[in-house]
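Chemist: There's a structure below that I have some questions on.
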């Protein structure tokens, strides 16, 4: 078992940070806003209004049980989850998990292709040591 220690968490009194299961980087909403602002030369505050508006519109559509299709990116849909039986992992007791509505995202063909290009990119090999390094 590997334990990851984060220096910034240590100062706050929390010694252990759970590992990221996907071993991937994260982008926050604020980072997205900053990147879009840099690319479009708009102010962060203007981009923030646009991002918030887009997210609000997607949420409203999902609340109304509408599917949101963003061509080339993917689609957001609402899935109804039925009531089901589960287990409490601590006690092993059987519990009933209530029915609920979940938002789901399905990547589009173009996004899948872009992701596949990244996965298929060759991993650069280490260059052999130069004669000076070999000595």
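Just so you know, all these numbers are worked out from the coordinates, no wet-lab data involved. Model, not experiment: these values are computed from the prediction. Because the Cβ atoms are built from the backbone with ideal geometry, glycine has one as well, and the counts that use them run over all protein chains shown.
Chemist: At a 10 angstrom cut-off on C-beta neighbours, averaged per residue, how do the peptides 89-95, 48-54 rank from highest to lowest?
Modeler: Details: 89-95: 8.1, 48-54: 13.6.
Packing order, densest peptide first, comes out as 48-54, 89-95.
Chemist: Also: P(r) of the range 68-115 in 10 Å steps, Cα pairs, percent per bin?
Modeler: Distribution as computed: 23, 28, 23, 20, 5 percent.
Chemist: Further, regarding this structure: So how many Å³ per residue does the convex hull of the Cα atoms of the range 27-66 work out to?
Modeler: 66
Chemist: Obtain the nm distance between the two label points defined at residue 117 and residue 95 by a simple spin-label model: each point lies 7 Å from its Cα along the Cα-to-C-beta direction.
Modeler: Roughly 4.5 nm, to one decimal.
Chemist: In what sequence, highest mean first, do 77-88, 55-66 appear when ranked by Cβ atoms within 10 angstrom?
Modeler: Numbers: 77-88: 10.7, 55-66: 12.2.
Highest-to-lowest ranking by the protection proxy: 55-66, 77-88.
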